[in-house]
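Worksheet: the structure to be examined is printed underneath.
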Amino acid sequence: MQVIHTPDDVFHHTRSLLLQGKTLGLVPTMGALHPGHLTLVRRSVSENDVTVVSIFVNPLQFNNPDDLKNYPRDLQADLRLLEQEGVAVVFAPSEAEMYAKKPLVALQFGRMGQVMEGAFRPGHFDGVGVVVSKLLHLCQPHRAYFGLKDLQQYLLVKRMAQDLSFPVEIVGLPIAREASGLAMSSRNARLSVNGLAVASQIFQGLQQMKQLWGEGASPDETKMAGKNFYSSIAGLRLEYVEVVSPDTLEDETSNLGQAVAICVAAYVEGVRLIDNLYLHPKTP
Ligand code: AMP
């Protein structure tokens, strides 16, 4: 496994692999890898000759300096995991290497970028757009893999690739969960045992909303039930719960049995966690 630290080196290395006719998969991450990341890595390894995993805690996408400072980092442990997975290349640049000059360009995603995460983390998706664009240009993959855990990010990256004709297939993969239902996340490492138990209630709330939605509850009734559930959980502070169209992220206004995404963001022990359930249309 080759560990590369500079943008120039990763560009030349991936370019030479492409010239040898290899197919390339890219898995962008911020490190502190867990089994959720590894589902993306395994899929890429199975579908491409060469997998590049990037590990970069991108300061541009953090609106909260404490969140950036406290973000878990363990490059050596990550490298050991990736070696075992058969990853060919790890790209782990420093901030100075990635942003020799602070980018002037920022990407705007219209309304889809202003709701939910965009509303509560101003500037977040500008930073995601810049870093994902740079990684796609530097690594030149055929396919890039994203988790539906960050549903809004996946949808926006997919639209960015379409709108700007990036020559890449954006692949979205399901949320990997702990046995408790808690969505795996690097940030879970910052939770105590009790915090983990509280955080697993996020999934319980989603399950209750799914049940109501399946029984025909309206979007408002579904959201209200979620808000009531979460407000009853000691140690959990809800930021938002939304019932949206999974394609446009517009609020749903009715329950006609269509595909829907129920998205939640909440704080537990000062750690911000997000989760969602993607509900497929009912089959008659
Ligand atoms: P991160 O390191 O948090 O930026 O995540 C890197 C990639 O892994 C993103 O595409 C995430 O959506 C994805 N990811 C993170 N957690 C999970 C999970 N529990 N299940 C599936 N994908 C995940």
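The values are calculated or read from the model by the stated rules, or taken from the named source; none is laboratory data. Quantities reported herein were computed from a predicted structural model and do not represent experimental measurements. FYI the Cβ positions are ideal-geometry reconstructions off the backbone, even for glycines, and counts take in every protein chain you see. SASA here: full protein model, heavy atoms, side chains in, ligands and nucleic acids out. Shrake-Rupley method; radii C 1.70, N 1.55, O 1.52, S 1.80 Å.
What residues qualify as long-range amide H neighbours of LEU279, i.e. H under 5 Å apart, gap of 5 or more or another chain, H built at 1.01 Å from N?
It is VAL260, ALA261, ILE262, by chain and number.
Give me the angle, in degrees from 0 to 90, between the Cα long axis of helix 151-163 and the longest principal axis of the Cα atoms of the chain, rounded to the nearest 10.
Value to nearest ten degrees: 50.
How far, in degrees from 0 to 90, does helix 7-19 lean away from the longest principal axis of the Cα atoms of the chain, to the nearest 10?
Relative to the chain, helix 7-19 is tipped by roughly 80 degrees.
Could you work out the percent of alpha carbon pairs in the chain separated by over 33 Å, rounded to a whole number?
Counting pairs separated by more than 33 Å, the tail of P(r) holds 23 percent.
Given contacts defined as C-alpha pairs under 8 Å and at least six residues apart, what's the relative contact order of region 35-97, whole-number percent?
52 percent
Got a number for the accessible area of LEU19? Probe 1.4 Å, square angstrom, nearest 10.
The accessible area of LEU19 comes to roughly 140 Å².
Per residue of the chain, what 222 nm ellipticity follows from adding -39500 (n - 2.57) for every DSSP H run with n ≥ 4, rounded to the nearest 500?
When only DSSP H runs of four or more count, the value is -12000 deg cm²/dmol.
Computing the accessible area with a 1.4 Å probe over protein heavy atoms, can you report the carbon and sulfur percentage for the chain?
52 percent
For the chain, find the longest principal axis of its Cα atoms and tell me its angle to the long axis of helix 124-139, 0 to 90°, nearest 10.
30 degrees
Among the listed pairs LYS158/LYS227; LYS149/LYS227; LYS69/LYS102; LYS69/LYS101; LYS22/LYS102; LYS69/LYS134, give every one whose C-alpha distance is greater than 27 Å.
With Cα atoms farther than 27 Å apart: LYS158/LYS227; LYS22/LYS102.
Could you compute how much accessible surface GLU117 exposes when probed at 1.4 Å, giving the result in Å² to the nearest 10?
Accessible area, nearest 10 Å²: 10 Å².
Among VAL50, LEU277, ALA161, which residue has its Cα furthest toward the positive end of the charge dipole of the chain, with +1 on Lys/Arg Cβ and -1 on Asp/Glu Cβ?
Of the options given, the answer is VAL50.
Can you give me the C-alpha center-to-center distance between region 234-269 and region 30-101, rounded to a whole angstrom?
28 Å
If you take the square roots of the eigenvalues of the alpha-carbon gyration tensor of region 1-84 and sort them as a ≥ b ≥ c, do you get rounded (a/c under 1.5), prolate (a/b over b/c) or oblate?
It comes out prolate by the Cα gyration axes.
So if I place +1 on the C-beta of Lys and Arg and -1 on the C-beta of Asp and Glu, and nothing else carries charge, what would the dipole magnitude of the chain be about its Cα centre? I want it in debye, nearest 20.
That gives a dipole near 200 debye.
Is the shape of region 49-91 rounded, prolate or oblate, going by the alpha carbon gyration tensor and its root eigenvalues a ≥ b ≥ c, with a/c under 1.5 for rounded and a/b larger than b/c for prolate?
Verdict is oblate for region 49-91.
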